[in-house]
Amino acid sequence: MRTTKKYMLGFIGCGHMGMAIARGAVAKEYLERYQLVVYDHHDTNMKTAKGERFGLAKDEADVAENAHIVLLAVNPTQADAVLEKLKEHQPECLLSIVTGLSIAHIQSILGKDTQVIRAMPNTPLQIGEGSTALCKSENCKADEYDFIFQMFAGMGVARTIPEDQMNAIVAVHGSVPAYVYYFIECILKDAVSRGIDEEAARALLVQTVIGSGNLLKQNAGKPIEEFINEVASKGGTTIEAINTFKELNLASIIHEADEKCVKRAEELSH
């Protein structure tokens with residue numbers, strides 16, 4: 001991909017998710033630090049970016065004028081105001097990780113000729129273990145999309161999905177790290193209440209989650225139910241816990257939580 005811009009990727013907004021992407025891209029050596037430029041209206045985030053030795057921009061226009069691809073990573077309520085500021089500077093390609101911000105809406109402000117990529121990543125990508133769902137506008141060039149797709153794929157797993165599934169996908173991986181952390185926290189607190197050493201319980205628990213995930217990953221074609229049955233043998237201890245989850249209808253609780261998560265994504269959509 002040829003570009004006359006000073007930077008390959010410019011960040012407008014560099015909070016937890018934006019910084020995770022920047023750090024992940026550098027850690028995987030997909031981009032060098034000098035190829036990134038950042039603008040965030042929070043001084044603390046700019047100080048963090050400076051500490052990472054990324055380029056620093058003075059405002060949104062500065063990012064658009066100097067970066068080949070502009071990554072929009074702001075709060076959904078701030079997105080329109082930022083897009084209005086970018087309208088005069090016409091980014092060649094806009095990559096948005098803003099929940100609910102549609103391609104059509106972005107192009108209605110920046111113009112239909114603007115190439116747009118939407119991504120729904122998650123925070124583990126900063127250590128190369130993330131997952132990202134992506135879609136693109138019809139006019140998005142193959143080079144631009146491949147560049148972004150490969151960047152996210154290099155930080156874990158990436159998949160292209162239809163845009164009309166972008167709100168629902170948040171309950172598959174976008175919000176799920178928090179689900180996992182909460183589940184772990186609940187188990188850990190219960191373990192400590194039983195007198196188990198917190199450090200030992202946390203180390204064993206975290207490794208169990210990592211190992212279980214890797215086992216699923218290495219046996220992608222194997223039904224998940226078989227993994228459950230291998231642990232929850234009839235008459236054993238684990239089956240008692242699994243049966244309790246079923247009696248309390250854990251599946252329904254998860255469905256309801258996902259419904260509210262997706263509903264909020266739809267409320268933010270425009």
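Each reported figure results from applying straightforward, stated rules to the coordinates on display, with no laboratory input. None of these values were measured; they are calculated from a predicted model. In this analysis, Cβ positions are derived from the backbone assuming ideal geometry, glycine residues included, and neighbour counts consider all displayed protein chains.
Here is how the numbers come out for the structure above:
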quantity	calculated
³J(HN,Hα) computed for each position of segment 169-181 - Karplus, 6.51 cos²θ - 1.76 cosθ + 1.60, integer Hz, glycine/proline x	5, 4, 7, 9, 9, x, 8, 4, x, 5, 4, 4, 4
Ratio Rg/Rh [Cα only; Rh per Kirkwood] for segment 72-145	0.98
Full-extension gain in nm, VAL192 to ALA251, via 0.36 nm per residue minus C-alpha separation	18.6 nm
Per-residue HN-Hα couplings for segment 211-223 [Karplus 6.51, -1.76, 1.60; θ = phi - 60°; Hz; x = Gly/Pro]	x, 5, x, 5, 5, 4, 5, 6, 10, 4, x, 8, x
Kirkwood hydrodynamic radius of segment 2-102, from inverse mean 1/r over distinct Cα pairs, in Å	13.3 Å
The chain shape via C-alpha gyration tensor axes, a/c threshold 1.5	prolate
Three-way shape call for segment 69-108 based on the alpha-carbon gyration tensor, with the a/c threshold at 1.5	rounded
log₁₀ of I(q)/I(0) at q = 0.21 Å⁻¹ - segment 136-270, Debye sum with one point per alpha carbon	-1.49
Residues with amide H under 5 Å from that of CYS93, placed H, sequence gap 5 or more	VAL70
Euclidean distance of C-alpha centroids, segment 126-148 and segment 152-170, integer Å	8 Å
Rounded FRET efficiency, nearest 0.05, which uses the C-beta distance separating ALA178 from LEU56 and R0 of 25 Å	0.25
Residue-count net charge about SER212 - beta-carbon cut-off 15 Å; Lys, Arg +1, Asp, Glu -1	-2
Gyration tensor (alpha-carbon) shape descriptor, segment 32-74, a/c threshold 1.5	oblate
Neighbour-limited loop hits for trypsin sites (Lys or Arg not before Pro), segment 1-89 (at most 12 other Cβ within 10 Å; DSSP other than H, G, I, E, B)	ARG2, ARG53, LYS58
Inter-centroid distance (Cα atoms) of segment 60-116 relative to segment 1-54, Å	16 Å
Span per principal axis, largest first, for the Cα atoms of segment 71-201 (Å)	62, 29, 24
Net charge, VAL116 excluded, C-beta distance under 12 Å - Lys, Arg +1, Asp, Glu -1	-1
Gyration tensor (Cα) of segment 195-270, equivalent ellipsoid semi-axes in angstrom	28, 18, 17
Most mobile of ALA27, ALA61, ALA251 in a GNM of the chain (Cα contacts under 10 Å)	ALA251
